[in-house]
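See below for the structure under consideration.
The values are calculated or read from the model by the stated rules, or taken from the named source; none is laboratory data. Because the structure is a prediction, the values reported are computed rather than measured. Here the Cβ positions follow ideal geometry from the backbone for every residue, glycine too, while neighbour counts run over all protein chains shown.
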Amino acid sequence: MNTHGAVEAVWRIESARVIAGLARMVRDVGLAEELAQDALVAALEQWPETGVPRNPGAWLMTTAKRRAIDLFRRNETLGRKLDELGREQEQFGEGVLPDFDAVLDEEHIEDDLLRLVFTACHPVLPMQARVALTLRMLGGLTTDEIARAFLVKESAVAQRIVRAKKTLAEAKVPFEVPVGEERMARLPAVLEVIYLIFNEGYSATRGDDWLRPELCADALRLGRVLAGLMRAEPEVHGLVALLEIQASRSAARTGPNGEPVLLMDQDRARWDRMLIRRGLDALARSEELADGAYGRYSAQAAIAACHARAATPEDTDWARIALLYKGLAQLTRSPVIELNRAVAVCMAAGPEAGLALVDQLVGDPALKNYHLLPSVRGDFLHKLGRRDEARVEFERAAEMTGNARERALLLERAAACAQQETGSR
């Protein structure tokens, strides 16, 4: 059992690199994963008897590549594929495999991982498929783990992954890192996948738990890998900064029974200072690379940094946050960002100013089913003493959310408004 645990740990760490290296060789992401899975099965069979090898990643790669060569030798179309795999073997002689420790040198690993990132997040795939494929290929998660994380059936996740691999093959998506303008055009799709994975873990849209820490951890790990691969891209560091700082609050975001604790009520002594330092460092790197300019993720990181630097809620620089949200709203044209700006304006200039901004968003079709719109409006109305109106908004928000913990919190706030309104009569 201990060896099996070691195999699982090695797979979680090494699988992305092994799949990426194989995909470079066979030019097929689906086949690369199958070969890597074969190597995993071999490890589960052999390591309990032989022990975990000194370089488990190289062992997995060696085993998978041997199986690839055997597969293509058995295949009638072996000629073209065997030529591709055989070029590097010519110097070793017939039937002799090269040094796989050399195959796994850092330069190859970085290039291959970057190719895998851009392939798994290719725009030809729908967003749900990109997320599932990224978690499978780069996160090392099983189909069952992905299904449990997103509260969907395992069969649905399996179908998404199968269809995604088929789509990539049919579209003949090259296993390569785009260059120049195409690379910059494709990068937002990669960042969005990581961002969505983190957000689903940070504020779960469905289910009984408000937080799913394992998804946050996977997204943060993927972001850190990407930052290591694309060191000169400011928005990559901006995204990592945002995730680090947001993740620092995780321990303080839920109470003893898993109930949500809102930002203003959190015990800031429970915020993870190491993650905050990492986030602030990543933000500084992003600002340096962009000469102080902010993009979508670095602007959000700068906002998160304002909260992280404040010892108490009263110390928060809400005026700067409102200004940052204004710039972000101009950049994204997102009504959700405008809603967040209204919260900052409320804190900086009072609830009437915030309510005026929120009321402009009430008819926006993009927010028709967004539960935080009535939730925020209810909060402003409560601050203004309009408790009966606030109760209606909280009840509406509770009906719209799919998360059980959040629904309970909103109904509690609605009940408190009703009680206060009764007590004031």
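Things to note:
- Taking the conditions (1) surrounded by fewer than 22 Cβ atoms within 10 Å (Cβ to Cβ); (2) part of a helix (DSSP H, G or I) in turn, Val152 satisfies each one other than (2).
- From Glu192, Glu214, residue being at pLDDT below 85 and out of contact with any Ser or Thr (no Cβ under 7 Å at 6 or more places or on another chain): Glu214
- All positions within the stretch 355-385 that are touching a residue at least 24 places away in the same chain (Cβ under 8 Å) and part of a loop (DSSP other than H, G, I, E, B): Leu361, Asp364, Asn369, Tyr370, His371, Leu384
- Counted residues, the stretch 14-54 - those being of a type in the set (S, T, N, Q), farther than 18 Å from Ala164 by Cα and free of Cβ contacts under 8 Å to residues at least 12 places away in the same chain: 2
- Flag for Asp28 being out of contact with any Asp or Glu (no Cβ under 7 Å at 6 or more places or on another chain) and farther than 14 Å from Met137 by Cβ: no
- The stretch 116-144, residues that are of a type in the set (D, E, K, R) and either in contact (Cβ under 8 Å) with a residue 24 or more places away in the chain or part of a loop (DSSP other than H, G, I, E, B) (or both): Arg130, Arg136
- A search for C-beta distances below 6 Å between a residue of the stretch 163-189 that is of a type in the set (A, V, I, L, M) and any residue that is part of a helix (DSSP H, G or I) and surrounded by 16 or more Cβ atoms within 10 Å (Cβ to Cβ), counting only pairs 6+ apart in sequence or on different chains, returns Ala164/Ala129; Ala164/Leu133; Leu168/Val29; Val177/Leu114; Val177/Arg115; Val177/Phe118.
Residues are listed down the side, and each one gets a yes or a no for (1) in contact with an Asp or Glu (Cβ under 9 Å, 6 or more places away or on another chain); (2) not in a helix (DSSP H, G or I):
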position	(1), (2)
Pro256	no, yes
Asp291	no, yes
Ala299	no, no
Ala305	no, no
Leu324	no, no
Ala329	yes, no
Val343	yes, no
Ala353	no, no
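- Scanning the stretch 1-27 for residues that are on the phi < 0 side of the Ramachandran plot and touching a Phe, Trp or Tyr at 6+ places or on another chain (Cβ under 8 Å), we see that the one that is surrounded by the most Cβ atoms within 10 Å (Cβ to Cβ) is Ala23.
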